[in-house]
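Please read the structure below before turning to the comments.
The values are calculated or read from the model by the stated rules, or taken from the named source; none is laboratory data. Small disclaimer: the values here were computed from a predicted structure and weren't measured. Cβ atoms come from the backbone with ideal geometry, glycine included; neighbour counts cover every protein chain shown. Heads up: the accessible areas ignore ligands, DNA and RNA and are worked out on the full protein's heavy atoms, side chains in. Shrake-Rupley method; radii C 1.70, N 1.55, O 1.52, S 1.80 Å.
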Amino acid sequence: MSGVAANDLVLGIDAGNTKTIALIADTSGTVRGYGRAGPSNIYVQPQQALRHLEDAVAAAKTNAGVGHEPLRAVTLSATGADWPEDFTLLEGELRRWNWAKRQQVVNDAVGALRAGSLDGLGVAVACGTSAGIAACSADGRVWHSSYWQEPEGAEELARLALRAVYRAELGIDPPTQLTNRVLAHFEMPSVEALLHSLTGRTQTVPAHLGRLARVLLDTAAAGDPTSFRLLQKHGAALGDYALAAAGKVGLSGDYLLTTSGGVMRHPSPVLREALMARVRENSPDVRWQASHHEPVFGALLLALELAGGVISPALFGRLEETCPDDSLFLT
């Protein structure tokens, strides 16, 4: 076991819609191993989701040189940890797998919040394939948006872009630069051919439709009024839900709002600026910070806290220094 006792190791897992990542670290904050597997949303394919969780952890344990002895703590930050019965199911699986002596399950938006701030307090808006919002106050209150969430992530933005192209083609709305960019993205000769390819009885929707969100963001950055309007409206809607999350835990005045996820990391600031503009209409002192860490980083921090650790700036820095490079997280 690479010279470190199991009782000095913790496990953080991010169970996502597109991938599952597991990290093992020692209690000083040094990452010792990592693993990756397929998606693990129990709402989509429950048995496959659980198998992917096992695969990611097995890979991380092999990478870290860890045997079957339980580690000190594990935190599973999961898409699909929404309702009480979801937590019951996942907590039961953690007990069955016996990966660690102490175990907890949190919604993935809570993991994203913990990854985004040193003290884990404030509001997190995660916008990737889907979207989720979490809030945590100093008195320990925690809330996550789960199925309350209305404005979603890349897949919803992709559908908004397609709708804009269809409406422009019919002359309902003005022409948009989106048309040529969307056609190029799908390698289609016309809007009608595109519509047919996505809606025909024998056709199948592309598995990665959400990648079209990048086209929408790029087109807005290029000055297209239609794209800009769509992103402003969507960002404002995310801002409404961020404010609701803050209210649920009693946050007001000066607090941190952190953003994460592939959509929020896009160079175009339009969506983020619309989000923050809406938040600051109500709470002008809210501070914004981009999260520089993947959600699994938050799961690992929560596992360290579950093990009795205190997240100091030095420990936070060691995790940053020893985390795997970006290639592990690319989708």
Based on Cα positions only, what radius of gyration and what Dmax would you give for region 1-104, in angstroms? 12.9, 40
What percentage of the solvent-accessible surface of the chain, computed with a 1.4 Å probe over protein heavy atoms, is contributed by carbon and sulfur atoms? 51 percent
So what is the accessible area of the chain per residue, in Å², with the probe set to 1.4 Å? 46 Å²
Of the options CYS323, THR176, PRO313, report the single residue whose Cα projects farthest towards the positive end of the charge dipole of the chain (beta-carbon charges: Lys, Arg +1; Asp, Glu -1). THR176
Using the Cα atoms of region 184-331, I'd like the radius of gyration and the largest Cα-Cα distance, Dmax, both in angstrom. 19.7, 60
Report the one residue of VAL31, PRO46, GLY122 whose Cα lies farthest in the direction of the positive end of the charge dipole of region 1-142 (charges on C-beta: Lys and Arg +1, Asp and Glu -1; origin at the Cα centre). VAL31
Treating only the Cβ of Lys, Arg, Asp and Glu as charged (+1, +1, -1, -1), what charge dipole size does region 1-133 show about its Cα centre? Round to the nearest 20 debye. 300 debye
Suppose every Lys and Arg Cβ carries +1 and every Asp and Glu Cβ carries -1, with no other charges. What dipole size does the chain come out with about its Cα centre, to the nearest 20 debye? 180 debye
Starting at the first residue of region 125-137, write each ³J(HN,Hα) from the Karplus equation 6.51 cos²θ - 1.76 cosθ + 1.60 with θ = phi - 60°, in whole Hz, x for Gly and Pro. 10, 9, 9, x, 4, 10, 9, x, 10, 9, 9, 9, 10
Farthest toward the dipole's positive end in the chain, which of ALA207, SER260, LEU11, given Cβ charges of +1 (Lys, Arg) and -1 (Asp, Glu) about the Cα centre? ALA207
If I build a Gaussian network model for the chain, linking alpha-carbon pairs within less than 10 angstrom, which residue out of GLY65, GLY35, GLY200 has the largest mean-square fluctuation? GLY200
Calculate the radius of gyration of the Cα atoms of region 114-220 to one decimal place, then report Dmax, the largest Cα-Cα distance, as a whole number, both in Å. 18.1, 57
Dipole of region 256-331, Cα-centred, from +1 at each Lys and Arg C-beta and -1 at each Asp and Glu C-beta, to the nearest 20 debye? 260 debye
Which values, in whole Å and largest first, are the semi-axes of the equivalent ellipsoid of the chain obtained as the square root of 5 times each eigenvalue of the Cα gyration tensor? 37, 24, 17
